[in-house]
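To start, the structure itself, in structure tokens.
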Amino acid sequence: MNVSDHLHKPVKTLNGLELHYVGDFAVIVMDRGENRLNTDFLDCFNELMDDVERNSSCKGLITTGKGKFYGNGLDLKWIAGLKSPEMFHEFFVKISLWLKRILVFPLPTLAAINGHAYAGGALMAFAHDLRVQNKEKGWLCFNEVFISRQFQPFHYLYIRTKIGQNYTEAIVLGKRYTGSEALSNGLVHAAPSMSLLLSESVQLLKSFCGKSGYPRESLHLMKCDVYRDVLEQHQRDMSGIGREKKETKIVANDVKSRL
Amino acid sequence: MSIRSSLHLHKPVKDLKALALYFVDKIAVIVMDNGENRINFELIVKFHKLLDIVERNSSCKGLITTADGKFYCNGLDLDWALQHSTEQVEELLVQLNELQMRLLLFPMPTLAALNGHAFAGGALFAIAHDLRVLRQDKGWLCFNEVKINGVFVKCHFPLMRTKIGFGHNYTDAIVLGKRYTGPEALSSGLVHAAPPISLLLIESIHLLKSFSGKSGYPRESLQLMKSDVYRDVITQYQVDLDSNSMKKAAEKTKSMSKL
């Protein structure tokens with residue numbers, strides 16, 4: 001049973017990323033296997049987000065996946081094949097900007113977690129305002145600690161703001177959560193069965209929007225205010241990435257050696 | 001059933017018409033009775049007068065604020081703001097923030113007994129108290145600034161975050177302006193109890209006393225503790241006063257009032 005079984009034809013498809021509309025809500029369906037993050041993924045995703053922003057009647061954005069994965073993190077194989085530290089660096093800037101874009105998007109955002117959301121996939125889900133995870137299959141997990149990866153400083157800040165009390169378990173100990181566990185630990189807002197994932201996500205988003213939805217600029221500014229510490233750290237991280245060129249070379253070689 | 005009728009054995013110690021002060025068993029009760037109890041200069045001046053009387057009463061062990069009717073407080077007096085200059089609105093915001101800080105650091109435990117709606121500035125006012133009780137069956141607690149192009153001053157964010165906690169309750173309440181009934185506010189940790197209206201005052205007094213114990217709090221100690229715990233709020237408040245934060249907020253409020 002796929003989430004997209006309930007959707008009609010996509011308005012646009014770009015390399016396995018589909019844009020649909022359900023009423024006034026945009027739904028981006030990721031259909032690229034493990035939905036791992038690389039430059040092509042980000043470029044296509046950004047283009048679909050541009051389309052959503054340009055659609056003035058759109059009132060919210062849902063992102064979801066097809067099959068076993070919501071997102072399984074960085075495309076490590078692809079990263080290992082990058083020819084220079086500069087390309088590596090460029091990719092990390094791009095992914096940081098993309099996460100920030102979702103974080104302060106001028107529409108309410110909801111991650112409908114259809115399957116595994118690991119590492120970068122979890123980071124993506126937490127950049128959204130709301131999370132709904134199916135209770136039948138898949139785990140939500142920041143497993144970076146198990147694979148010797150660290151977060152960017154700004155990641156810690158927005159994850160902490162979003163998770164609250166169970167932050168250390170999730171990040172330091174890399175706990176993995178089923179939908180039901182994620183719900184009772186405050187990581188997601190609902191945990192319906194797979195067949196109801198999309199409809200409950202739409203309902204939840206509607207319940208926040210109310211009749212008129214959010215004035216876009218107001219919502220964007222409110223997010224910038226609430227996540228001010230995140231954005232300030234993000235700025236510092238961006239200039240830091242420039243200074244850490246030597247380190248990225250080491251990390252790139254390190255990643256290569258792990259594969 | 002009105003709040004005042006549950007105070008029927010007591011005469012007000014001071015009646016300023018829109019605002020009255022009662023003492024019930026060593027607990028001060030300030031009752032607002034002016035329709036939506038919107039915040040303007042008159043309300044602020046009267047509030048300070050009553051708080052002065054409360055502080056001067058050495059046997060008083062706690063403060064409850066509440067109101068009669070459908071509203072606890074529906075926020076800033078936007079009609080007034082529309083008719084006055086940006087400079088005057090700025091002055092109102094400065095004085096409002098001063099009152100909020102006084103409440104936040106009050107040398108007695110404080111409780112907002114929400115008899116009805118607490119929206120925007122009214123919600124913020126309630127959050128400045130140590131404790132909150134919201135009636136079970138009617139009325140909402142809601143920081144709806146995001147939906148009406150409203151704005152917070154920077155010091156409000158650490159205040160709201162400290163009271164609500166990190167986590168999705170904070171982001172739902174502030175970024176998405178979620179509306180909470182009594183039971184919802186209780187399960188989200190925004191209020192401490194959600195009794196029926198007939199028991200609102202009694203349970204509020206009971207709750208306050210359960211914290212005070214037999215001897216209550218040494219006033220100076222409590223005020224110093226609040227100053228320590230809310231250090232980041234105070235620091236940001238000073239910065240907000242010195243910078244043009246209040247002016248910016250006034251400009252936004254003016255443009256908001258025109259909608």
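The values are calculated or read from the model by the stated rules, or taken from the named source; none is laboratory data. Predicted model only: the values in this text are computed from it and were never measured. All Cβ positions, glycine included, derive from the backbone under ideal geometry; neighbour counts span all protein chains shown.
For region A:209-236, which residues satisfy the criterion of being at the interface with chain B (Cβ under 7 Å from one of its Cβ atoms), over 20 Å from the mean Cα position of the chain (by Cα) and of a type outside the set (D, E, K, R)?
Hits for region A:209-236 are A:Y214, A:P215, A:S218.
Taking region A:68-91 as the region of interest, how many residues are hydrophobic (A, V, I, L, M, F, W, C) and without any contact (Cβ under 8 Å) to a residue 12 or more places away in the chain?
So the answer is 1.
With the requirement that a residue be more than 19 Å from the chain's Cα centre (by Cα), among the hydrophobic types (A, V, I, L, M, F, W, C) and under 24 Å from B:K61 (Cα atoms), what does region B:212-257 give you?
Selection gives B:L224, B:M225.
Which ones in region A:190-208 are surrounded by 20 or more Cβ atoms within 10 Å (Cβ to Cβ) and either within 14 Å of another protein chain (Cβ to nearest Cβ) or assigned to a strand (DSSP E or B) (or both)?
A:A190, A:A191, A:L204, A:L205, A:F208
Quick check on my filter: what residues within region B:165-217 are more than 9 Å from chain A (Cβ to nearest Cβ), within 21 Å of A:I163 (Cα to Cα) and either among the basic types (K, R) or assigned to a helix (DSSP H, G or I) (or both)?
Passing the criteria: B:A173, B:E184, B:A185, B:L186, B:S187.
Return the residues of region B:224-240 that are surrounded by 15 or more Cβ atoms within 10 Å (Cβ to Cβ) and assigned to a helix (DSSP H, G or I); say none if nothing qualifies.
B:K226, B:V233, B:I234, B:Q236, B:Y237, B:D240
Condition check: more than 14 Å from the chain's Cα centre (by Cα) and at pLDDT 95 or above. Does A:D50 satisfy that?
Spelling it out, A:D50 is indeed more than 14 Å from the chain's Cα centre (by Cα) and at pLDDT 95 or above.
Limited to region B:196-233, what total is found for residues that are under 16 Å from B:F106 (Cβ atoms) and touching a strand residue (DSSP E or B) at 6+ places or on another chain (Cβ under 9 Å)?
6
Given the conditions (1) in contact with a helix residue (DSSP H, G or I) (Cβ under 7 Å, 6 or more places away or on another chain); (2) under 23 Å from A:M222 (Cα atoms); (3) part of a loop (DSSP other than H, G, I, E, B), report the number of the one that A:L99 does not fulfil.
(3)
Can you name every residue in region B:169-217 that is buried (at least 20 other Cβ atoms within 10 Å of the Cβ), closer than 15 Å to B:A126 by Cβ and hydrophobic (A, V, I, L, M, F, W, C)?
Result: B:A173, B:I174, B:A185, B:L190, B:V191, B:A193, B:A194, B:L200, B:L207, B:L208.
To keep it simple, each residue is scored yes or no on (1) in contact (Cβ under 8 Å) with a residue 40 or more places away in the chain; (2) under 19 Å from the mean Cα position of the chain (by Cα); (3) under 16 Å from B:P12 (Cβ atoms).
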site	(1), (2), (3)
B:I44	yes, yes, no
B:I53	yes, yes, yes
B:T65	yes, yes, yes
B:C73	yes, yes, no
B:D77	no, yes, no
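Return the residues of region A:96-112 that are out of contact with any Leu (no Cβ under 6 Å at 6 or more places or on another chain), surrounded by 19 or more Cβ atoms within 10 Å (Cβ to Cβ) and more than 14 Å from every other protein chain (Cβ to nearest Cβ); say none if nothing qualifies.
Residues satisfying the conditions are A:L99, A:K100.
Please count how many residues of region B:1-34 are part of a strand (DSSP E or B) and not hydroxyl-bearing (S, T, Y).
13
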